[in-house]
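Peer 1: Below are the structure tokens for one structure; questions will follow.
The values are calculated or read from the model by the stated rules, or taken from the named source; none is laboratory data. Note that this is a predicted model, so its numbers are computed, not measured. Using ideal geometry, Cβ is built from the backbone for each residue, glycine included, and neighbour counts are taken over all protein chains shown.
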Amino acid sequence: MYQFENKVVVITGGAQGIGKCIAEEFQKEGAIVEIIDIQEGDWYVGDISKKEVLEDFVQYIIKKHGHIDYLINNALPKMKGIRDCSYEEFMNALSVGVAAPFYLSKLFLPYFNDRGSIVNISSSRDRMSQPQTESYTAAKGGIAALTHALAISLGPKIRVNSISPGWIDTSDIQYTGPDAYQQPVGRVGHPLDIANMVLYLCSDKAGFITGENICIDGGMTKLMIYHGDHGWQLK
């Protein structure tokens, strides 16, 4: 018996990277996986920054399945900085990263089975930043806050949690040296590190967890770095 036998899982941005890994892991456990992505492929192709696309997609899913069990809001917002990010680009990032997860949750709400789960993919950038990342950081901070608001509104029928990945490599590069040991666990993360937590949060094993943001970053946000520590040099 598979853990998620015949459960209907909807994943935004599931064509590559973390989203693709999440989809594959759910499929291994017997789930019925539906993906929406802006890239062309064998899934529902659409731009989730557009209200009408979200409405059409939800109609498609409900006509096909009649219900859903899990919603994974994973699609990637634009990352542009204050110097070169236009108003329109900033609003697009918020549409993809915050408004679409909100609206999909709202549209799917009547069709969730009991013990449903929503998992939002935020980022460790919801608490730390590099220069010129304002659009992405704002979107990720927004979805982290949206998570606990939805958890209160949608419980007890639906649990809502978010995951904040740190550095997750999706290109199979083997990082060594400072790139690796800036994470206390000694390596860069893999998509499976995130997918494993998504499946856990959707399972009955996480039945007492809701409204939480779980940072999966190998301890990177906990490491204080000073000049000369761990091979780091101020230049």
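Peer 1: Just a yes or no: is a residue in segment 64-74 of a type in the set (Phe, Trp, Tyr) and either surrounded by 15 or more Cβ atoms within 10 Å (Cβ to Cβ) or within 19 Å of the chain's Cα centre (by Cα) (or both)? Give the derivation first.
Peer 2: Pass one, segment 64-74, residues of a type in the set (Phe, Trp, Tyr): 70.
Add one more test, that the residue is either surrounded by 15 or more Cβ atoms within 10 Å (Cβ to Cβ) or within 19 Å of the chain's Cα centre (by Cα) (or both), and what stays is 70.
Checked segment 64-74: at least one residue is of a type in the set (Phe, Trp, Tyr) and either surrounded by 15 or more Cβ atoms within 10 Å (Cβ to Cβ) or within 19 Å of the chain's Cα centre (by Cα) (or both).
Peer 1: Limited to segment 199-217, what total is found for residues that are over 18 Å from Asp126 (Cα atoms) and either among the hydroxyl-bearing types (Ser, Thr, Tyr) or within 16 Å of the chain's Cα centre (by Cα) (or both)?
Peer 2: First pass over segment 199-217, keeping only residues over 18 Å from Asp126 (Cα atoms): 199-210.
Then keep just the ones that are either among the hydroxyl-bearing types (Ser, Thr, Tyr) or within 16 Å of the chain's Cα centre (by Cα) (or both); that gives 199-203, 210.
Summing the residues that are over 18 Å from Asp126 (Cα atoms) and either among the hydroxyl-bearing types (Ser, Thr, Tyr) or within 16 Å of the chain's Cα centre (by Cα) (or both) in segment 199-217 gives 6.
Peer 1: Shifting gears a bit: So, in segment 59-77, of the ones that are touching a helix residue (DSSP H, G or I) at 6+ places or on another chain (Cβ under 7 Å) and either part of a strand (DSSP E or B) or modelled with pLDDT under 95 (or both), which residue ends up farthest from Pro165 (Cα to Cα)?
Peer 2: Ile68
Peer 1: Please tell me if Asp56 is surrounded by fewer than 17 Cβ atoms within 10 Å (Cβ to Cβ), in a loop (DSSP other than H, G, I, E, B), of a type outside the set (Val, Ile, Thr) and free of Cβ contacts under 8 Å to residues at least 60 places away in the same chain. Please lay out each step first, then the result.
Peer 2: Values: surrounded by fewer than 17 Cβ atoms within 10 Å (Cβ to Cβ): yes; in a loop (DSSP other than H, G, I, E, B): no; of a type outside the set (Val, Ile, Thr): yes; free of Cβ contacts under 8 Å to residues at least 60 places away in the same chain: yes.
Considered against the rule, which asks whether it is surrounded by fewer than 17 Cβ atoms within 10 Å (Cβ to Cβ), in a loop (DSSP other than H, G, I, E, B), of a type outside the set (Val, Ile, Thr) and free of Cβ contacts under 8 Å to residues at least 60 places away in the same chain, Asp56 comes out as no.
Peer 1: Limited to segment 23-40, what total is found for residues that are more than 17 Å from Leu76 (Cα to Cα) and in a loop (DSSP other than H, G, I, E, B)?
Peer 2: So the count comes out to 3.
Peer 1: Could I ask something else about it? Among (1) under 20 Å from Ala93 (Cβ atoms); (2) aliphatic (A, V, I, L, M); (3) touching a strand residue (DSSP E or B) at 6+ places or on another chain (Cβ under 8 Å), which single condition is Leu54 missing?
Peer 2: Looking at each condition in turn, Leu54 falls short on (3).
Peer 1: If I filter segment 92-120 down to residues being in contact with a Gly (Cβ under 8 Å, 6 or more places away or on another chain) and closer than 21 Å to Lys50 by Cα, which single residue comes out as surrounded by the fewest Cβ atoms within 10 Å (Cβ to Cβ)? Break it down into steps so the answer makes sense when it comes.
Peer 2: We begin by selecting, within segment 92-120, every residue in contact with a Gly (Cβ under 8 Å, 6 or more places away or on another chain); these are 94, 97-98, 111, 115.
Then keep just the ones that are closer than 21 Å to Lys50 by Cα; that gives 94, 97-98.
On the way: Leu94: 18, Gly97: 30, Val98: 22.
Of everything passing the filter in segment 92-120, Leu94 is surrounded by the fewest Cβ atoms within 10 Å (Cβ to Cβ).
Peer 1: Over 13 Å from the mean Cα position of the chain (by Cα), over 17 Å from Asp69 (Cα atoms) and either modelled with pLDDT of 95 or more or of a type in the set (A, V, I, L, M) (or both) - does that describe any residue in segment 24-38?
Peer 2: Yes, that holds for at least one residue.
Peer 1: Conditions first: (1) part of a helix (DSSP H, G or I); (2) buried (at least 16 other Cβ atoms within 10 Å of the Cβ). Glu88 passes all but one, so which condition is the exception?
Peer 2: Among (1) part of a helix (DSSP H, G or I); (2) buried (at least 16 other Cβ atoms within 10 Å of the Cβ), the lone unmet condition for Glu88 is (2).
Peer 1: Test of understanding: among Arg159, Arg187, which residue is closer than 24 Å to Phe108 by Cα and basic (Lys, Arg)? Before you say what the answer is, go through the steps one by one.
Peer 2: Working: Arg187 fails: closer than 24 Å to Phe108 by Cα.
Among Arg159, Arg187, only Arg159 is closer than 24 Å to Phe108 by Cα and basic (Lys, Arg).
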